[in-house]
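Bear in mind these aren't lab numbers, they're just calculated from the coordinates by the rules spelled out. Only a predicted model underlies this, so the values are computations on that prediction, with no experimental measurement involved. Cβ: placed from backbone, ideal geometry, glycine included. Neighbour counts: every protein chain shown.
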Amino acid sequence: MHKLVRGTRRSRAWLTVATVGLGLLLAGCAKNAPQDTLRPEGKFAEQIDRLWQWPYWIAVGVFFVVEGLIVFALWRFRARAGEEERPKQIHGNFKLEISLTALPLVILLGLSVPTVGTLLDLADEPAANHLTVNVVGHQWWWEYQYPNGVRTANELVIPAGEDVALHLRSADVIHSYWIPKLNGKRDVIPGRLQFLKLHADEPGYYYGQCVEFCGDSHAYMRNRARALPKAEFDQWMADQQQVAAKPPAGSDAEAGMGLFQSKPCAGCHTIKGVSQGRIGPDLTHLQSRRTFAGSIFTMNAENLAAWLRDPPGEKPGSKMPNLHLSEDEIRSLVAYLETLK
Ligand code: CUA
């Protein structure tokens, strides 16, 4: 009886392991995987991709040779009833030992040449006339500082088909910046200036994620790069340099602007022409972004209202406090935020 119960339990455990394993395996077939590092979409990510492809096939070859020899030895020298065949016992084989040391050495040295070359290549600043963006990691969002005073958050806007240099710093703890389709990851460390360059072949959105555990909402620290054709990028840059739009007199949005200035909002956020706070994201052109709060919410009135109602409730540990705003105040503030095109 006991044995039977134990047997059932064991087969159930196997079933669970097999189901989870199969699930993970099938996840590898996903077509919609915007952070799939195996499908690079820019030259720097492609350089890294090329680096692993041929060593991968060498590793496959080594795997089959070694596993094949093990299986052969197991079969050839298996225990057989009545006979006592043992492999010939040897004590050291100088030639064999030297070649088994030399062969991996040659393979590893061969691998190190393109690896070091690629590392050095990727560490170089791009050629002249490139755009440089200062990136600052915050708990839990990314800030982007462009030349000529433009500051934005979460969505890095870059010209498609061009090299872009990122100079990365942290405002608090260690974060790690990664947009898998555009380059490898780079740790962002307090007190250090880090470098990374990106290149997107085509216009579009490229998804990323902070990849160093950085506190409560690490999982909610996403980001994305938005590559635009050069002309559209220049237009975007010109728009970002404008001061914020003034809401129409007597409107709900104007009441919202008043609230923004009288409540603590203005102390943390910049709205060009209205406030100069530097703690939270610059909101001057908030509506030019598709997402907010670490790129975890789609930009719309409903989500903005939910966010204003209780930021730490929406995003654990959020540095933006719950201001206990009334529903009327939230409506006016959202109306104002919606004018910030
Ligand atoms: Cu920032 Cu994890």
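Some observations on this one:
- The sum of -39500 (n - 2.57) across all DSSP H runs of n ≥ 4, divided by the residue count of the chain, sets its helix-only mean residue ellipticity at 222 nm to -13500 deg cm²/dmol.
- Simple point charges give the picture: +1 on the Cβ of Lys and Arg, -1 on the Cβ of Asp and Glu, and for the chain a dipole about the Cα centre of about 1460 debye.
- Nitroxide proxy distance, nm - points 7 Å out along Cα→Cβ at residue 300 and residue 251: 2.1
- For 237, 221, order by how many other beta-carbon atoms lie within 10 Å, fewest first: 237, 221
- Farthest positive-ward along the range 180-329 dipole, Cα basis, beta-carbon charges - from 260, 225, 184: 184
- Neighbour counting of Cβ atoms within 10 Å sorts the residues 175, 167, 199, fewest neighbours leading, into 167, 199, 175.
- Note on the range 115-209: with charges restricted to the Cβ of Lys and Arg (+1) and Asp and Glu (-1), its dipole about the Cα centre is near 300 debye.
- Paired Rg and Dmax values of the range 181-254, which use every Cα atom, in angstrom: 17.7, 50
- The equivalent ellipsoid that matches the C-alpha gyration tensor of the range 209-341 spans semi-axes of 23, 22, 13 angstrom, in descending order.
- Taking the Cα centre of the range 171-255 as reference, the dipole from Cβ charges on Lys and Arg (+1) and Asp and Glu (-1) amounts to some 360 debye.
- Whole-Hz couplings from phi, Karplus 6.51/-1.76/1.60, listed for the range 200-215; x for Gly and Pro: 10, 5, 10, x, x, 9, 10, 8, x, 7, 5, 10, 10, 4, 10, x
- Computed lengthening from residue 38 to residue 86, 0.36 nm per intervening residue step minus Cα-Cα distance: 12.6 nm
- Ratio of Rg to Rh for the chain: 1.15 [Cα atoms; Kirkwood radius as inverse mean 1/r over pairs].
- Footprinting exposure proxy for 188, 136 (fewest neighbouring C-beta atoms within 10 Å first): 136, 188
- Working note: Karplus 6.51/-1.76/1.60 with θ = phi - 60° gives the range 300-310 the couplings 7, 4, 4, 5, 4, 5, 4, 5, 5, 5, 6 Hz, where Gly and Pro are set to x.
- The range 230-296 - Debye-derived log10 I(q)/I(0), Cα point model, q = 0.20, 0.21, 0.24, 0.29 Å⁻¹: -0.92, -0.99, -1.16, -1.29
- Under the combined filter of DSSP loop state and at most 14 neighbouring Cβ atoms within 10 Å, the range 51-131 retains these trypsin sites (Lys or Arg not before Pro): 78, 80, 88.
- Antiparallel %, DSSP beta bridges [both residues in the chain], to 5: 70
- The range 49-122: GluC sites (Glu not before Pro) in DSSP coil with no more than 16 other Cβ atoms inside 10 Å: 83, 84, 85
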